[in-house]
């Protein structure tokens, strides 16, 4: 979705999106008159509980999972921590080796670094010149002690789509489960939890015109996790704490809107993408990266021709908002670990436009 602040165009939607007015309106009653605690055994609690279960159904309906496979969290970062730490702790008797990519989000990479400090062996795989997993390297890295593989579905800086279903098939001959960070995939490309045959995936509300502070971990029933948070046994004991009913309701509504309007959303994203590519290439401003492979329609990586990215964005600060990389790195001036891993040239000239 495109929005403006003082007539400036927001082209950094991979970092966050504006909340849909329909989502906001759906949430309001649960801040006010329907303020009950979903764990309370009275009418106010029952109203909140029904709203949460409705949202659980809305989320599962969008991604084709079972409602009971949905675990509500505060967002993808918490979901990633729960998936990786929770699975490792519950399954160390099977092995202590996990595999991921060097181009994963920092939420995955830093969780892996933490697990290494606890004695877990982590293999960080290289990618090819397009940021795609090297299947031979994955196969060579797999061993008897491998219990988990974490591969992002759509990269948040490049938009490159990994063939998660193919990776899942490779793992069928091993004991490892597959987790996928699908934060940039939901709502942008077709995603079917059952058909992908992953064991766990996650995404956040604020990437799909929903509220910040809410997300989900989706996991198959048979996957056992040790919870990060202990308390009142909410979410079947996997995520204790009082339910944030308004945000969960908002996430559910956002998922319902995507399901009902997916074709329209796709058409809009592709139109915006086409217009932006035409603008940059016809005016000889920059070259679009990764055009030869499958990428999500909502992210464009561009190498500018005659100017560094920071200078270009500064020159155009009165026209649009965009990014030189992941927003999670914005407070630290350093080159993107994703672009470094891909060995892409002229990193200092790359901008990311997302809508």
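The values are calculated or read from the model by the stated rules, or taken from the named source; none is laboratory data. Owing to the predicted nature of the structure, the values given are computational and were not obtained by experimental measurement. Neighbour counts run over all protein chains shown; Cβ positions are idealised from the backbone, glycine included.
Against the list (1) out of contact with any helix residue (DSSP H, G or I) (no Cβ under 7 Å at 6 or more places or on another chain); (2) surrounded by fewer than 24 Cβ atoms within 10 Å (Cβ to Cβ); (3) over 24 Å from residue 128 (Cα atoms), the condition residue 207 fails is (2).
Among the residues of segment 128-166, those identified as assigned to a loop (DSSP other than H, G, I, E, B), in contact with a strand residue (DSSP E or B) (Cβ under 7 Å, 6 or more places away or on another chain) and under 23 Å from residue 76 (Cα atoms) are 131, 132, 151, 152, 153, 157, 158, 159, 162. Residues satisfying the criterion are present in segment 45-60 (criterion: surrounded by 15 or more Cβ atoms within 10 Å (Cβ to Cβ) and within 15 Å of the chain's Cα centre (by Cα)).
Taking each residue of segment 152-169 that is within 15 Å of residue 302 (Cα to Cα) and not assigned by TED's automatic domain parsing to the domain that holds residue 125 and looking for partners that are at pLDDT 95 or above and surrounded by fewer than 22 Cβ atoms within 10 Å (Cβ to Cβ) with beta-carbon atoms closer than 6 Å, six or more apart or interchain, yields nothing.
Taking (1) in contact with a strand residue (DSSP E or B) (Cβ under 8 Å, 6 or more places away or on another chain); (2) outside any loop (DSSP other than H, G, I, E, B); (3) over 17 Å from residue 124 (Cβ atoms) in turn, residue 169 satisfies each apart from (1). Among the residues of segment 65-78, some residue qualifies, meaning at least one is in contact (Cβ under 8 Å) with a residue 24 or more places away in the chain, in contact with a helix residue (DSSP H, G or I) (Cβ under 9 Å, 6 or more places away or on another chain) and exposed (fewer than 15 other Cβ atoms within 10 Å of the Cβ).
Candidates are the residues of segment 299-350 that are surrounded by fewer than 18 Cβ atoms within 10 Å (Cβ to Cβ), assigned to a loop (DSSP other than H, G, I, E, B) and in contact with a strand residue (DSSP E or B) (Cβ under 6 Å, 6 or more places away or on another chain); the one that is modelled with the highest pLDDT is 305.
Residue 187 satisfies every condition listed in (1) crowded, with 24+ Cβ neighbours inside 10 Å; (2) farther than 28 Å from residue 273 by Cα except (2).
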